[in-house]
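One structure is given below, encoded as structure tokens.
What follows draws every value from the coordinates through simple rules; no lab data is involved. Keep in mind that what you see is a predicted model, and the values were worked out from it rather than measured. Cβ placement follows ideal geometry from the backbone for every residue including glycine, while neighbour counts extend to all protein chains displayed.
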Amino acid sequence: MIRLEGVEVAFGLGTQDERRVLRGVELEVPKGQRVSVIGSNGAGKTTLLNAVAGSVRLAAGRVLIDGSDRSGEPEWMRSRCVGRVRQDPLAGTAGEMSVLDNLAMASRKGRRRLLPAVTPRLRRELAERVAELGMGLEERLRENVNRLSGGQRQALTLLMAALARPAVLLLDEHTAALDPRNARIVTELTRRLVAEHGLTSIAVTHDMGRALEEADRLLMMHEGRIVADLQGAAKEGMDVEGLVALFGEARGGRLEEDGALLR
Ligand SMILES: Nc1ncnc2c1ncn2[C@@H]1O[C@H](COP(=O)(O)OP(=O)(O)OP(=O)(O)O)[C@@H](O)[C@H]1O
Ligand SMILES: [Mg+2]
């Protein structure tokens, strides 16, 4: 379970350019829930993921993962239980290392020896997993990752994140840099891995249709706040047109006034 309590993030504190980017965010995501986050550019979506991952310092509030307060823990330490796939296909893998070594490292994340000896058994296991991607990468285990395409790299990053069994998987528009075909493949793969491992996920997307379709719960952010939180019947009854109308209301400040969509 992921819990954010009164989370505030600000840049340029005490200067004229002081900008409060997250404003008192309260959020509880139960284990196994798939959450989508939508909102206009600059709403604070990436910063929300940064707060969970520990890549940004909190001005106030706490982040709890499975009940323990991780607010003071640096990003590298938190990466043991937080998986992340970014928009940039180059960000998630080590380009100068082989497909096999990247996978082996992911399967050992958080242990003492980062790069384990790849025993024949581990190699067989990883080859099986990578074959399931359906991209022929099992034939290219010894090749360096920087020879793969963006879509292949993103699929590999996703598989690596899932292999590490994170308490939460953070996805930040992770198909946005891919062509439509690869975007579809990676979307399908995401769905499969999340289901197979029962992963808790928080996915930022600009695709409202997909957000409605794939998530159990949909959050809308505006100016550093969660202004709508839809799940169950409220989400089922929502469509893209309805979301666009909600955006309009958020911009007009009306969601904050009545708080109707926040439980
Ligand atoms: N390191 C930083 N220093 C100063 N301002 C920052 C920093 N990181 C983010 N911001 C600001 O915080 C605000 C929220 O940024 P964030 O990246 O979270 O938005 P977003 O919702 O992910 O937008 P997008 O849809 O464009 O990715 C923006 O105004 C941004 O300029
Ligand atoms: Mg962003």
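Some notes on this structure:
- Over all distinct Cα-Cα pairs of the chain, the Kirkwood formula returns a hydrodynamic radius of 19.3 Å.
- At 0.692 mPa s and 37 °C, Stokes D of the stretch 17-126 from Kirkwood alpha-carbon radius, µm² per second: 198 µm²/s
- Positive-pole candidate from THR47, ASN146, GLY6, dipole of the stretch 2-258, charges at beta carbon: ASN146
- For the chain: relative contact order, % (alpha-carbon pairs under 8 angstrom, 6 or more apart): 25 percent
- Each listed q (0.15, 0.20, 0.22, 0.29 Å⁻¹) maps to a log10 I(q)/I(0) for the stretch 24-79, found by the Debye formula over equal Cα scatterers with no solvent: -0.46, -0.82, -0.99, -1.40.
- Compared with the dominant Cα axis of the chain, that is its longest principal axis, helix 150-163 is turned about 90°.
- For the stretch 135-184 versus the stretch 59-104, the inter-centroid distance based on Cα atoms is 15 Å.
- The chain, helix-only ellipticity at 222 nm - DSSP H runs n ≥ 4, -39,500 (n - 2.57), divided by all residues, nearest 500: -10500 deg cm²/dmol
- This ranking places HIS206, HIS222 by how few other beta-carbon atoms lie within 10 Å of each, fewest first, which gives HIS206, HIS222.
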